[in-house]
Structure formats: structure tokens, C-alpha cells
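Visitor: Input: one structure, supplied below.
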Amino acid sequence: MNAIVSRRSFIAASLSAAGGLVVMVAIPRFASAVPLGPEPWGPEELTTANEVNAFVVVEPDGTILLRIAKSEMGQGVMTSLAMIVAEELECDFAKVKVEYASATRNFMDGGVYGDMQTGGSSSVRRSRVSLQQAGASARARLISAAATRWGVAPIACVARGGSVFHEASGRSAVYGQLVGDAANVSLREEPAIKTPEQFRLIGQRQARLDTPVKVTGAAKFGIDTRLPGMVYAAVANCPVFGGKAKSYDEAAIKNKRGFIAVVPVENGVAVVADRFWRAKEMVAALPIVWDEGAAAATDSEKFRADYRAALDGPLTNAAKRGDAKSALAASPKIVEALYEVPHLAHAPMEPLNATVHWRPDRIDAWIGTQSADAALKLAAEVGGVDPRNVFIHNCYLGGGFGRRAVNDELRQAVQVSKAIAKPVKLVWTREQDIQHDRYRPQAALRLKAGLGADGMPTAFDFRTAVGSITRSLGWGAASSGVEPSAVEGLSNVPYLASALNVDCLLKNTHVPVMFWRSVGSSQNAFAVESFIDELAHAAGKDPLDYRRALLAGKPDFLAVLDKLADKGEWGKALPVGSARGLAIHESFGTIVGEIAEVAVSKSGEVRVERVVACVDCGHVVNPLNVEMQIESAVLYGLTAALFGEITIKKGAVEQGNFDDYQIARMADAPTIETHFALSGGGKWGGIGEPGTPPIAPAIANAIFTITGKRIRSLPLKNAALGA
Amino acid sequence: MLSLSINGQAHELDIEPETPVLWVLRDEIGLTGTKFGCGIAQCGACTIHVDGVATRSCQFSAGDAVGKRILTIEGLGAAHLHAVQTAWIENDVPQCGYCQSGQIMAAASLLAQNPSPSDADIDAEITNICRCGTYPRIRAAIHRAAALAKL
């Protein structure tokens, strides 16, 4: 596309030519003033006008448009990644606008945007260097263009605030005047990127760019997509995972108002109607006979017994240091405890949905996905269309937390659109979302330590039995018998003991499992940090002092602990019935320590009053966003600790909505404070997830101090804590 | 035909009276700022104002809405941002943003009835779910909006 056309008019025109489809664009009231528009998806052209490179567009009016290749699901990535590019670009951040990079371009242009999969708290960690380079490279090209125009050496010019200056002659040019030439500059070598002490923008608090469109209702989530001629689909997935529809009685609903079709889809049946509410009512009324398979005979209690029994072996070794067996045999005291956690649903606020317009030679999909690359390939494969002609219009994600890493809803929407040859919006109800998630695995862990005469551990022996995520996703056999996420926080336990042994059994049931905010650390930190507290009590030592002693030689952990103890007022008296609990855990490259102030009423009700967190993520891009992510991660983990439990009966999930899959609300929310103990250096840790693992053990440890009852199984709602 | 008043505008709609107002707004009229979260009035993502009172529109039928004034997030700040929206921006509330239309509508309704809510009032009245855990910022923003409204 060489013609300079606006992106919106291009999309509208091309779709009209192809099939009479025009995207309805609601012009938002504040569109021109906001750095992120209501429709965040990027262009479908392979290159657009005014590009300096694939990431950086400079409009003639000086507006800087940055393309972000990661998904915004609330974690603030569009702002932090934009800051990283802008840091090097030397532009005015107030003039920065942001949109998503195109997955189609990424596919066709040799992966120019890198891996678009968004998860693992990896966006800043894994793309920082390449984004700094993209910004620096664009800046160098703009400088070179100005220098050539003025007949001076590039080194005599500087870039600042969106302009290039030649100070010796007093000349200057804004980027918008240089972009045409800059795109054609070839640099002899790429410029060096800044080191942290040179940062001026990175590390400064910045309001998030997506806030304005998220307070007016303007932000477009996938579920908000509206296309001319669009119809709606509601789904019934087979209640037992792995089962399928044997038959259904279409006659029971086909005379209802708005009925269009019943379409068999992966895992179930979709009913298509002219309105979603009608489709939803019809699918509920559709008689379906399911072939549920053998899994219909299983339940959570059986899984629990199986995982417990599995801990007796045989298991696969995941980590070994010294001779734990001998050290345990020689220890005067052994402490051993069994910890158990249930399946958990992600339950993002926006139920899964996808809007797809399938045509024989082209697919357009509007969806909020954590992986636009994978969504593109999935749509191409299911729809039988060349991936070069698949366009994923990624929307704002109404929460992800791992759930939107795999797009079951997209597969079904492509199947339906292809079957009926119409654009279709397929939406899961909350019940489908809770009952057909890919869950945080159920797990059992047995932790054993030998204590010496001084009460300090001589050896750790950790065992875990847990479902394999890679096997469940069909991503691999995990043939070694170990996958890193299953033992994260166990194999790399930071506490000192002369010997360590970690054994693992990957054991799947028919229940699909996947990445849930903080993944294996979500259960492993609960076990390890509760267990360390048990050891401290067995040794008659203060849990903070005990941890400090076991972390000798780990200055980054100690710095977090010390700041945490200070800010969290460790040791300061609280009223009867209240106590503080402590936990610290490293995940995704970041150490987070948390102190929870907890009150337990006489009748056993738990209330978390205050949480103080201390973070070492090495360097911070946007301190405001780190605070927001710690608050978010704490509350996500707090919900799971207090209430979170998916149970299986007769092979199916028993819970169905927020009435029986309870979520923390305002009245449950503690005050949350975030502090930093940054170690800097070469460390750049993630921030979306690491705040989640410490909260459950911090709460459980406080409850022990208050009640003397040790929590070894979650959620807390099942624990009898009354006097 | 049903006649509904939405954001000050009359709409004639050929729909079943039992259709929840949520779906009337989203699918008939195209006002998508009001969100579907649970369908059983648990989460509050669909909160609108009915005659000025916060109401969960997924369990409020079109038939019952006849003769009442419906206000959505799109109508709340139509002329200029409502104090609650301004406070939401000042306090950096939204993360994923999906629940925030409902949170803002609930907060605006609370403040209309109780211009200086205490923390206990907020706990009791703001029961919408946010999976991103923006509650501490929502609380601060409600206090800020209360102050802004008095300026």
C-alpha cells in the first residue's frame, strides 16, 4: 500500500470491496485528546505512511505513534513499553499515542515485533532491549536526516523533546518535518542504547495512557464489537471435559424468535440467533444429549486422594544439592507437613468472546487475546485460510490472568462463522467461563526438613504432585517428568540448608489446566512460606529472624526483608485477635515480601486489614504501575486464599457464577502499601504476577499466630477457625 | 413496541418485554459501555441508573423500564466528565477497565444519595466486583469525587 490513506478509511474501504462489510466506528467524544483510542488494534497494511521503523510512526503534526506488540489486559503494558521506546526516541511523552502492532505484519515480516505472547510477567523483561533499540534507531535516523539536510555531521546534532537541534548554527527541526527522509536513512551501525543512569523517563511516575478511554465506557473490548449483519452465538460446552454432544433437538427451539441455526463446535454446541440474549435463552432451552465419557465418574475428592498417594512415589527428581537423605537421617528433629490446593478459575470480568467474519479467502477476528500471533495461526488453521489473509483486531482485554493465552472462544467463533457464512459474535456466559476454564492445577505437596540442634534446617525434602500444563495444552509431553512451572519456588528455594531434594510427579486428570497468575508459584509459595513459618515456630524463633538467618549471603532478599519489616511494623503490638504474617517469594525475576495484618473474629471470620509489600524488581519503568500491579496481585491472591475453589463432581465443575465462585469485594479489601528495595544492576524483573504468591502464606501465617491453627489447605473459607 | 427513555432520548423497540435492559442497551441501541459480567446481578458490571438509582441492568427487564429514566455511562459524562470520572482519572483507578463503567455508575449513585460517604458506607454500598483489585483506588477516588463535588 503506497497510497497515503488513513487507516480507518483503508479498513472500511477494503472490507467494503471484499464483502460489503464496514466496521462501525463510534467516534468517541474524547478521541482526539486521548493517547490511546477506544479501538486499540493497529493497521493491517504491512507498512504505513510516516513510519521511521515498524515501531515508530511520526505524524507530520509531531504526534508520535508507537506500536506495542504485547496485549493490554490491565497490567499497564501499553504505557510501560511506550515509555521504553520514548526514552530513547527523545520525544515529548505527552505527544505519544499508542496502538497494537499487527500480528499479520509480524507473521509476514519475519517476526519484526518478536513474540507477541503476553504472559509470564515478561513484557518488559523480554522486550526492553529491542524496544530501546527501536527507539534509539529511530532517533539516530531522524538525526541523520536533519544532519544531511543541513550539511553537518550527525554527531554535531542532538535530539530532544521531539526535535533535532544543531546548536552550533542554532538550527532545529521537529521530527514531523524529518520523518520522510528518516525512513530512508541507512545507518552504518545501530546506536548504543542508554544505560539506567542515563534514563530520564524510565523510572518516573506516568499516568497510564489507557485511563481516559476506560472511564467513559468508550474503550472497546472484544465483546463490544458490532458489525453490520452480525449475528450472535451462545455456547453449551459439554459439562464433562473431553465429552461431546451426541445429539440435540433443534426442533425444540427453532420456532423461537430470532433463531438462526444450531452449529456443532469444538467441545459443544452453539446456538446462533439475531440477538445474544435470545441465543443465550435458546441454548439453555436446547435439549442436548452428551457423551460424557469415563471422566464422568471422577471428582475432586478422588483427585485429592490420588495426589496425596502420589507423594509416596515414585517421583522424578527436579533438583538435588548434597545428600538430603543422609542429612535428614542425622537430624535430631524432623518437621513434615502436607499442603493442598484446589483448582482455581481465572474468572476475568469480561467473559470469553470473539467476533469473527470468515470468508473463503479472508478472516477478520475481533478478540481480546494474550497471544495475537497464536490467535492468527489458530484462526487460519480452523478457518482454512492462508494466515497472510487473517487479521486479528486485538481489543482491550477485560482481564487475562493467563486465561486469554489460549483462545478456545476464537476456535468456536471461526467454526460458527464458517458454518453460517456470516459475521458472528460468540460469547460465553459466566457459567461457561467458570465451568470451562483451563484451571490452576490442583496439587499436593509434602515438605520435610531436618532441624539441627540450633533449630536451623539441615536439609529440605520437597515433593509435589500436580498437573502438567504443557501436557494439558498439548504443547509437549514434558517427557523428563518435570516442567519448570511445577517446581518454581521449590527447586530455587532461597533458604540455606546443606542439602536439598525436590521431587515431582506430573499427574493430569481430565480437567484442563493452564497458567493462572503466578502459575506454579501460586501453590508452591503457599507451601514453602507456610512451612518456613512452621520451622521457625518449631525452633522457637521469630519468623522474620529465622528467615534472615536462612537468607544470609542473599543481600537482595535481606534488603527486601529489612525494608518490609520496617514499613510493615513487624513486632509492633496489635489488638487481641489480630496479628501480622510474613512471606517472601521470588518469581519472574522479582522478589516480593508481604506482611499481612489479619484479624480473626471469635466466630472464625478472617479479615485482612492491611498489606505492606516490598518489591525488588531490579529496575522500575513506571513506579505508579508497579504499585497498581502489587495491589492487583495481592487482591487476586487474596481472593484465592479466602474463597478460591473449583470442585469437580461427576466429572463436571460444581461452581457456576460469582454466587458460588466468590470474589473479594470492596469490604474484603485491605489497605495496600508498596515499597521498593531495588537492587538495580542487570536485574529487570517482571511485575504482573510476583505480588500474588506471598499473600496466601502471609495471611495463613498470621492466622496461626492468632489462633494456633496451621492452615495447610486452601481456601480459608473451609477452615474451622472459630473459638 | 416498548418505549424506553435512555440518556434523555426516547427509543421505540420491538423486543420481548422480558429482555434485560443490559442487552437492550448493548445489542439494540449499541451503547456498549454497560458491560455483561455475570447475568445474575452479582458483579455489577452492568450497573446503570434507573430514575437516579444504581440498578443492575442484567436483571432489570425492558418491560419494567417503561416510564423510567435510564442513564448509562455514556450519558453520565455526556456534557463534561462527571466528578466521579475525574476522580477516577486523578486516582489512576482502571486497570483492565472492564468493570469500571459499573463501578463509576455505582459510585455516582452513592454520592448522589450520600455526598460524604464514610469508608463503612463505601464498603456497604459499593459491592461491584473488580478482578484487577482496584478497590483501594476506587475507595480513594470516591472520597476525592465527594471533595470535587463540593468545590
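The values are calculated or read from the model by the stated rules, or taken from the named source; none is laboratory data. None of these values were measured; they are calculated from a predicted model. A quick note on method: Cβ atoms are made from the backbone with ideal geometry, for glycine too, and the neighbour counts reach across all protein chains shown.
Visitor: Please specify each residue of segment A:646-662 satisfying the condition of being more than 10 Å from every other protein chain (Cβ to nearest Cβ), part of a loop (DSSP other than H, G, I, E, B) and crowded, with 22+ Cβ neighbours inside 10 Å.
Guide: Result: A:Gly651, single match.
Visitor: If you scan segment A:393-422, which residues turn out to be in a loop (DSSP other than H, G, I, E, B) and either within 14 Å of chain B (Cβ to nearest Cβ) or surrounded by fewer than 24 Cβ atoms within 10 Å (Cβ to Cβ) (or both)? Reasoning before the result, please.
Guide: First, pick out the residues of segment A:393-422 that are in a loop (DSSP other than H, G, I, E, B): A:395, A:397-402, A:406-407, A:421-422.
Selection gives A:Cys395, A:Leu397, A:Gly398, A:Gly399, A:Gly400, A:Phe401, A:Gly402, A:Val406, A:Ala421, A:Lys422.
Quick grid of which residues meet (1) in contact with a His (Cβ under 7 Å, 6 or more places away or on another chain); (2) of a type in the set (Gly, Ala, Ser); (3) in a loop (DSSP other than H, G, I, E, B):
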position	(1), (2), (3)
A:Ser169	no, yes, yes
A:Glu197	no, no, no
A:Arg205	no, no, yes
A:Asp210	no, no, yes
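Visitor: Those residues that are more than 11 Å from B:His49 (Cα to Cα) and part of a helix (DSSP H, G or I), I need them from segment B:67-81; list them, please. Even if it seems obvious, please write down each step before you answer.
Guide: Of segment B:67-81, the ones more than 11 Å from B:His49 (Cα to Cα) are B:67, B:74, B:77-81.
Passing the criteria: only B:Glu74.
Visitor: Can you find a residue in segment A:447-465 that is away from chain B (no Cβ under 14 Å), touching a helix residue (DSSP H, G or I) at 6+ places or on another chain (Cβ under 7 Å), in a helix (DSSP H, G or I) and surrounded by fewer than 21 Cβ atoms within 10 Å (Cβ to Cβ)?
Guide: no
Visitor: Kindly indicate the residue of segment A:50-82 that is surrounded by fewer than 24 Cβ atoms within 10 Å (Cβ to Cβ), touching a strand residue (DSSP E or B) at 6+ places or on another chain (Cβ under 8 Å) and part of a loop (DSSP other than H, G, I, E, B) and also nearest to the other protein chains (Cβ to nearest Cβ) among those meeting that condition.
Guide: Of everything passing the filter in segment A:50-82, A:Thr63 is nearest to the other protein chains (Cβ to nearest Cβ).
Visitor: Still on this structure, please answer the following. Of everything in segment B:13-42 that's β-branched (Val, Ile, Thr) and more than 9 Å from chain A (Cβ to nearest Cβ), which residue is surrounded by the most Cβ atoms within 10 Å (Cβ to Cβ)? Walk me through it before giving the result.
Guide: Pass one, segment B:13-42, residues β-branched (Val, Ile, Thr): B:15, B:19, B:21, B:24, B:29, B:32, B:34, B:40.
Then drop every residue that is not more than 9 Å from chain A (Cβ to nearest Cβ), which leaves B:21, B:29.
Numbers: B:Val21: 28, B:Ile29: 18.
Residue satisfying both the conditions and the ranking: B:Val21.
Visitor: Go over the candidates A:Ala219, A:Ala192 one by one and state the one that is closer than 25 Å to A:Val57 by Cβ, within 14 Å of another protein chain (Cβ to nearest Cβ) and touching a residue at least 12 places away in the same chain (Cβ under 8 Å). Steps first, answer last, please.
Guide: Values: A:Ala192 fails: within 14 Å of another protein chain (Cβ to nearest Cβ).
Within the list A:Ala219, A:Ala192, the selection yields A:Ala219.
Visitor: Also, quick follow-up: Mind listing whichever residues of segment A:603-635 are part of a loop (DSSP other than H, G, I, E, B) and closer than 21 Å to A:Ala664 by Cα?
Guide: Keep residues of segment A:603-635 that are part of a loop (DSSP other than H, G, I, E, B), which gives A:603-605, A:617-622.
Once the filter is applied, which keeps residues that are part of a loop (DSSP other than H, G, I, E, B) and closer than 21 Å to A:Ala664 by Cα, segment A:603-635 yields A:Ser603, A:Gly604, A:Glu605.
Visitor: Does A:Ile334 qualify as being surrounded by 24 or more Cβ atoms within 10 Å (Cβ to Cβ) and assigned to a strand (DSSP E or B)? Give the derivation first.
Guide: On the way: surrounded by 24 or more Cβ atoms within 10 Å (Cβ to Cβ): no; assigned to a strand (DSSP E or B): yes.
Criteria not met by A:Ile334.
Visitor: Quick check, is A:Ala82 out of contact with any Gly (no Cβ under 6 Å at 6 or more places or on another chain), closer than 10 Å to A:Ala372 by Cβ and at pLDDT 95 or above? Reasoning before the result, please.
Guide: Numbers: out of contact with any Gly (no Cβ under 6 Å at 6 or more places or on another chain): yes; closer than 10 Å to A:Ala372 by Cβ: no; at pLDDT 95 or above: yes.
For A:Ala82, the condition - out of contact with any Gly (no Cβ under 6 Å at 6 or more places or on another chain), closer than 10 Å to A:Ala372 by Cβ and at pLDDT 95 or above - is not met.
Visitor: Being facing chain A (nearest Cβ under 8 Å) and polar (S, T, N, Q) is the filter; apply it to segment B:77-117 and report the residue that is surrounded by the fewest Cβ atoms within 10 Å (Cβ to Cβ).
Guide: Among those that are facing chain A (nearest Cβ under 8 Å) and polar (S, T, N, Q), it is B:Gln85.
Visitor: Mind listing whichever residues of segment B:118-142 are in contact (Cβ under 8 Å) with a residue 12 or more places away in the chain and either more than 9 Å from chain A (Cβ to nearest Cβ) or part of a helix (DSSP H, G or I) (or both)?
Guide: Scanning segment B:118-142 gives B:Asp119, B:Ile122, B:Glu125, B:Arg137, B:Ile138, B:Arg139, B:Ala140, B:Ala141, B:Ile142.
Visitor: From (1) modelled with pLDDT under 95; (2) more than 14 Å from chain B (Cβ to nearest Cβ), pick out the condition that doesn't hold for A:Gly120.
Guide: Result: A:Gly120 passes all but (1).
Visitor: So, A:Arg257, is that one modelled with pLDDT of 95 or more, over 21 Å from A:Ile367 (Cα atoms) and crowded, with 22+ Cβ neighbours inside 10 Å or not? Steps first, please.
Guide: Values: modelled with pLDDT of 95 or more: yes; over 21 Å from A:Ile367 (Cα atoms): yes; crowded, with 22+ Cβ neighbours inside 10 Å: no.
Criteria not met by A:Arg257.
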